[in-house]
Amino acid sequence: MPQAATPLINHALPSYLDPHHLGPWGIYLQQVDRVTPYLGHLSRWVETLKRPKRALIVDVPIHLDDGTVAHFEGYRVQHNTSRGPGKGGVRFHQDVTLSEVMALSAWMSIKNAAVNVPYGGAKGGIRVNPKTLSLGELERLTRRYTSEIGLIIGPTKDIPAPDVNTNAQVMAWMMDTYSMNVGETATGVVTGKPVDLGGSLGRREATGRGVFTVGVEAAQRIGMPIEGARIAVQGFGNVGGIAGKLFAEAGARVVAVQDHGGSLVNDRGMDVPALLDHVARTGSVAGFAGAEVLDAGEFWSIPCDILIPAALEGQITAANAPKIQARMVIEGANGPTTPEADDILQERNILVLPDVIANAGGVTVSYFEWVQDFSSFFWTEDEINQRLVRVMKEAFTAVWQVAQDKGVSLRTATFIVACTRILHAREMRGLYP
Ligand code: NAD
């Protein structure tokens, strides 16, 4: 059944700036407060980081297959464009809110600056459960949303990409809709496109490859061998599935997985390619024959070396952080750890590789895709993977060094590196008019 139109929500604007309303945006504001003492004279510009530059709420009406009209609420937020055009994904999910999109856009500003790609931060989303839509309805939803946010996106203004429940096909529709509206084929308006439409080789695997790359870098520094390491992955989609595959190929054992459909355990390690086939066929890890069913709550207490949350935000909380048995958490998802849980993990000496560096591989290859589109010259997959690994290693090394020098967590260190870059750009540009 198609989902009924979602009623408009009253977003009282001042409340989204309230740090005590600890949604994703409140969490982000706390993270900025933590980093401010380390910003030196640039801290006079810190307010810039605490407000989105621009936030657009759009009504997205579409004809459903039964002939009725449904309305959905969509958003595009440009958090900061001091270092370049806005850049960040588009999420289709029933829980999307303006506050969430704002936080995700801000984390994109931090991430893009952390890996030093010349972008600001942006994010978009539609409050919809796309699993309730037919393919035709999904296409109409995507096209109308693209037309509505067409006011503020563009190859040199703001470049969307895939996120939860959006993929290369959705990007192709977005590219086509924008192109029809401006009267020319504008491949550079979105990244994560199909390879035949100006997409980049290696983009689909890039975020998972980045997760794997920083994981290996961190493991070397704490003396943890990857060979034989026990891995638990929450979310076995684009990010978690690829990260799990690469760790397994490097000799690690994926001992536990969880997605929206169920949780599985196999102490000997799962056959990851077979599990990926199963997910591709059925849409979930549930029902996979090569593992046993695990109670969802027990997933967090599975003894492992590396835990990879790669689903949604707010998954590691004060309630489950004390049970986590990992030596290292690699945040494949955006915002998976609440600030209280972050403190608990730090007290328990569990190393957290924060989202803003750990999952930056996707936007790094998106940047490569955008560069290739502009130059109409396409690189080989090997070239892309090598450049990706180089960017991730360099960024991680810089962040690790700051963490060591200042005695702070890797999250605060990443924020120090990124906020310094953003605010330095802000200061040099000055205010206009
Ligand atoms: P995806 O849609 O491919 O996969 C999402 C996975 O999360 C699925 O396995 C789904 O079953 C699982 N999931 C959803 N709800 C869940 C729940 N309540 N409990 C357990 N599992 C649940 O999405 P993705 O692209 O892999 O994105 C995952 C996360 O990584 C998101 O936070 C996203 O913002 C972030 N991220 C993605 C990219 C990218 O390039 N795709 C880049 C950076 C960050």
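Of note:
- Of all residues in the stretch 62-91 being open to solvent by 30 Å² or more (accessible area, probe 1.4 Å) and not in a loop (DSSP other than H, G, I, E, B), the one that is nearest to the ligand (Cβ to nearest atom): His71
- Selected residue (only one of Leu151, Leu104 is within 13 Å of the ligand (Cβ to nearest atom), in contact (Cβ under 8 Å) with a residue 24 or more places away in the chain and either of a type outside the set (Val, Ile, Thr) or surrounded by fewer than 24 Cβ atoms within 10 Å (Cβ to Cβ) (or both)): Leu104
- Among the residues of the stretch 191-218, those identified as away from the ligand (no atom under 13 Å from the Cβ) and in contact with a strand residue (DSSP E or B) (Cβ under 7 Å, 6 or more places away or on another chain) are Gly215, Ala218.
- The single residue among Lys111, Lys157 that is among the basic types (Lys, Arg) and open to solvent by 20 Å² or more (accessible area, probe 1.4 Å) turns out to be Lys157.
- Number of the exception - Pro309 against (1) within 18 Å of Ala341 (Cβ to Cβ); (2) open to solvent by 40 Å² or more (accessible area, probe 1.4 Å); (3) within 14 Å of the ligand (Cβ to nearest atom): (2)
- Looking across the stretch 359-417 at every residue that is in a loop (DSSP other than H, G, I, E, B) and in contact (Cβ under 8 Å) with a residue 24 or more places away in the chain, the one that is surrounded by the fewest Cβ atoms within 10 Å (Cβ to Cβ) is identified as Thr380.
- Glu100 at pLDDT below 95 and more than 18 Å from Asp373 (Cβ to Cβ): yes
- The number of residues in the stretch 343-380 that are within 30 Å of Cys304 (Cα to Cα) and either away from the ligand (no atom under 16 Å from the Cβ) or in contact with a His (Cβ under 9 Å, 6 or more places away or on another chain) (or both) comes to 9.
- Enumeration of residues in the stretch 180-203 that are open to solvent by 30 Å² or more (accessible area, probe 1.4 Å), under 13 Å from Phe368 (Cβ atoms) and part of a helix (DSSP H, G or I): Val195, Arg203
- Look at (1) within 21 Å of Ile242 (Cβ to Cβ); (2) in the same structural domain as Leu307 (by TED's automatic domain parsing) and you find that Val195 fails only one, number (2).
- If you filter the stretch 253-268 down to residues that are farther than 18 Å from Gln315 by Cα and open to solvent by less than 10 Å² (accessible area, probe 1.4 Å), you find that the one that is nearest to the ligand (Cβ to nearest atom) is Val254.
- Number of residues in the stretch 114-129 that are in contact with a strand residue (DSSP E or B) (Cβ under 6 Å, 6 or more places away or on another chain) and either open to solvent by 20 Å² or more (accessible area, probe 1.4 Å) or under 15 Å from Thr364 (Cα atoms) (or both) equals 5.
- Contact map, the stretch 268-286: residues that are within 11 Å of Phe236 (Cβ to Cβ) and touching a residue at least 24 places away in the same chain (Cβ under 8 Å) paired with residues that are open to solvent by 80 Å² or more (accessible area, probe 1.4 Å) and among the charged types (D, E, K, R), Cβ distance under 9 Å, separation 6+ or inter-chain. Pairs shown: Val272/Glu249.
- All positions within the stretch 312-328 that are among the charged types (D, E, K, R) and within 16 Å of the ligand (Cβ to nearest atom): Glu313
- Residue within the stretch 351-370 that is over 16 Å from the mean Cα position of the chain (by Cα) and closer than 30 Å to Lys131 by Cα present: yes
- When the stretch 280-306 is filtered for residues that are within 10 Å of the ligand (Cβ to nearest atom) and surrounded by fewer than 21 Cβ atoms within 10 Å (Cβ to Cβ), the ones remaining, listed by number, are Gly283, Ser284, Ala286, Ala296.
- Gln346 being assigned to a loop (DSSP other than H, G, I, E, B) and open to solvent by 10 Å² or more (accessible area, probe 1.4 Å): no
The values are calculated or read from the model by the stated rules, or taken from the named source; none is laboratory data. Treat the numbers as computed from the prediction; the structure is a model and nothing was measured. Neighbour counts are summed over all protein chains in view; Cβ atoms, including those assigned to glycine, are modelled from backbone coordinates with ideal geometry. These area figures cover heavy atoms from the full protein model, side chains too; ligands, DNA and RNA do not enter into them. Shrake-Rupley method; radii C 1.70, N 1.55, O 1.52, S 1.80 Å.
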